[in-house]
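Written out below as structure tokens is the structure these notes cover.
The values are calculated or read from the model by the stated rules, or taken from the named source; none is laboratory data. A quick note: this is a predicted structure, and the numbers were derived from the prediction, not measured. So basically every Cβ, Gly included, is an ideal-geometry build from the backbone, and we count neighbours across all protein chains shown. These accessible areas exclude ligands, DNA and RNA; they are computed on the full protein's heavy atoms, side chains included. Shrake-Rupley method; radii C 1.70, N 1.55, O 1.52, S 1.80 Å.
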Amino acid sequence: MPGPPASTVPAPPASARRARLAEIFRFALVGGVNTGTFFGCYLLLHPWMPYFAAYSLAFLLSMIGSFFLNTYFTYRTRPTWKKFALFPLTNVTNYLVQSVGLYALVTWAGTDDRIAPLVAAVVAIPFTYLISQRILVPRSTDRPAAAGPGSETDERQPSRLA
């Protein structure tokens, strides 16, 4: 009896799937904390400054918090200045995907404009996850195949911002 076709890619082991799901769960949790942080900062700052300044400062503070939560908690990797400089790309991606999604949902799909932002935000989550993972998780081709969580060569261990 012939085996599977050569192009068939074996499924990742169950432990790898569980680890990925746990990472996605942590990413969603950080997103919820980030949203709460943003809104709380906005409400605290708004009485003291114009609304757009309060919005901008709250956004900046929550983005910085999100960077550290995602490096240490979600991806369990080392924060670096390079990652810190690239991290705003996740927010730009999120904004663009949500904006295009919002426009498409309201204009082309006829979705209620009070509901469409929520749908667009949910659609943006996978894009934001992939971009943030790409920025925050090291991609090294010289790492041994046996390296993994807890190994000496695993860069996904917390450390100081370097």
Might you let me know whether region 19-28 holds any residue that is modelled with pLDDT under 90, within 17 Å of LEU130 (Cβ to Cβ) and open to solvent by less than 90 Å² (accessible area, probe 1.4 Å)? no
Out of all the residues in region 30-60, which are closer than 18 Å to SER132 by Cβ, of a type outside the set (Ser, Thr, Tyr) and touching a residue at least 12 places away in the same chain (Cβ under 8 Å)? VAL30, GLY31, VAL33, ASN34, PHE38, PHE59
Those residues that are in a helix (DSSP H, G or I) and open to solvent by 60 Å² or more (accessible area, probe 1.4 Å), I need them from region 47-63; list them, please. PRO47, TRP48, TYR51, PHE52, TYR55, LEU57, PHE59, LEU60, LEU61
Pick from region 75-105 the residues that are part of a helix (DSSP H, G or I) and in contact (Cβ under 8 Å) with a residue 60 or more places away in the chain: which of them is farthest from THR128 (Cα to Cα)? TRP81
Need pairs with beta-carbon distance below 7 Å; first residue within 22 Å of LEU69 (Cα to Cα) and within region 113-140, second of a type in the set (Phe, Trp, Tyr) and part of a helix (DSSP H, G or I); sequence gap 6+ or separate chains. TYR129/PHE27
Residue set VAL106, VAL100; condition open to solvent by 90 Å² or more (accessible area, probe 1.4 Å), more than 16 Å from the chain's Cα centre (by Cα) and β-branched (Val, Ile, Thr); output residue VAL100
